[in-house]
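The values are calculated or read from the model by the stated rules, or taken from the named source; none is laboratory data. No experiment lies behind these values; they were computed from the predicted model shown. Cβ placement follows ideal geometry from the backbone for every residue including glycine, while neighbour counts extend to all protein chains displayed. To get the accessible areas, we keep the full protein, side chains included, count just its heavy atoms, and leave off ligands, DNA and RNA. Shrake-Rupley method; radii C 1.70, N 1.55, O 1.52, S 1.80 Å.
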Amino acid sequence: MGKKFDPRKKDLLIAPEREEQLHPRELLRSFGLRTGDTIADIGCGPGFFTIPAAEIVGPSGKVYAADVQSEMIAAIMMRVADLDIHHVEILKTSETDVALPDRGVQMVWLAFVLHEMDQRAVYLFRLRRTLRPDGRIVILEWEKKPTEVGPPVNERLTPEDILSDAKAAGYKVVEQRQISPDHYAFVLTPM
């Protein structure tokens, strides 16, 4: 299994500085998330994107918040309960198990998590069955360069790595975007 984010540092994932850099609500909206949508936030951690996604989709939508680490699951469960949000379903998952309903989501959100997986193309392929016919996968990753925060450079993926994995899993790239000086994004749909 690839190296995972240290759950003891989970508060860094919801720090105000990260909010200022990434603007999660605006970012989710810019990729097309709307009221009533269903999104799966894979590698949700303590909910940096989960909570804003729940606000955007509203009670008529649904958010699946999935993570492999029990500490992260506990953190998102507490936040969702504290905020009294009822349209977030929290799932303990693994790198090989995609615990989502068939054709159940419009958007799969993989924010800064793909670089932690050993079999990226296999996982992306398994996600195909979860997408609705109009569904898409959004991948956010770190630029492969030194930055003040983030994973070690040798663990980061290049855009070419993502393209290779996407192609191997049967996806086409419908958008590639720079979202900050340190982060880039891809939007994939099945071929």
Subject >> Residues of segment 165-191 classified as free of Cβ contacts under 8 Å to residues at least 24 places away in the same chain and either part of a helix (DSSP H, G or I) or not charged (D, E, K, R) (or both), total >> reply: 5
Subject >> Only one of Glu55, Glu19 that is open to solvent by 50 Å² or more (accessible area, probe 1.4 Å), touching a Phe, Trp or Tyr at 6+ places or on another chain (Cβ under 9 Å) and part of a helix (DSSP H, G or I) >> reply: Glu19
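Among the residues of segment 64-76, which ones are β-branched (Val, Ile, Thr) and farther than 17 Å from Pro52 by Cβ?
First, the residues of segment 64-76 that are β-branched (Val, Ile, Thr): 68, 73, 76.
Result: Val68, Ile73.
Touching a residue at least 24 places away in the same chain (Cβ under 8 Å) and either over 20 Å from Ile139 (Cβ atoms) or open to solvent by 50 Å² or more (accessible area, probe 1.4 Å) (or both), is that true of Gly61?
On the way: touching a residue at least 24 places away in the same chain (Cβ under 8 Å): yes; either over 20 Å from Ile139 (Cβ atoms) or open to solvent by 50 Å² or more (accessible area, probe 1.4 Å) (or both): yes.
Considered against the rule, which asks whether it is touching a residue at least 24 places away in the same chain (Cβ under 8 Å) and either over 20 Å from Ile139 (Cβ atoms) or open to solvent by 50 Å² or more (accessible area, probe 1.4 Å) (or both), Gly61 comes out as yes.
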Subject >> Pick from segment 149-191, criterion modelled with pLDDT under 95 and among the small types (Gly, Ala, Ser), ranking: surrounded by the most Cβ atoms within 10 Å (Cβ to Cβ) >> reply: Gly150
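This table checks each residue for (1) within 18 Å of Phe49 (Cβ to Cβ); (2) open to solvent by 20 Å² or more (accessible area, probe 1.4 Å).
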residue	(1), (2)
Met78	yes, yes
Ser94	no, yes
Leu100	yes, no
Arg126	no, yes
Val138	yes, no
